[in-house]
């Protein structure tokens, strides 16, 4: 398990690994669904350096009822 940079939950899991061993991994928080790569800068991967403006309160995830609509494909 990893700590989510966005909501600080301890529920982030490895969801994918590079075909080249050790090149990168992809993690996803099972609480807020934030996804990031291990190869991104520390401002994305490190919860202590993640921009506080983009942090979310884990308690608010449960009450988040507005989800943006996915636009229709144009082709």
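Which of the peptides 34-46, 53-65 is most tightly packed, and how do the rest follow, judged by the mean count of other Cβ atoms within 10 Å per residue?
Put in order of decreasing packing, that is 34-46, 53-65.
Restricting to DSSP H runs of at least four residues, report the calculated mean residue ellipticity at 222 nm for the chain, -39500 (n - 2.57) per run over all residues, nearest 500 deg cm²/dmol.
Helix contribution divided over all residues of the chain: -1500 deg cm²/dmol.
How high is the relative contact order of the range 20-74, in percent, with contacts defined as C-alpha pairs under 8 Å that are six or more residues apart?
Relative contact order here is 21 percent.
Find the relative contact order for the range 1-40 and round it to a whole percent, using C-alpha pairs within less than 8 Å whose residues are 6+ positions apart.
Averaging sequence separation for qualifying contacts and normalising by length gives 32 percent for the range 1-40.
None of the figures in this text is laboratory data; all of them are computed from the coordinates on show. Since the model is a prediction, treat every value here as computed from it, not as a measurement. Cβ: placed from backbone, ideal geometry, glycine included. Neighbour counts: every protein chain shown.
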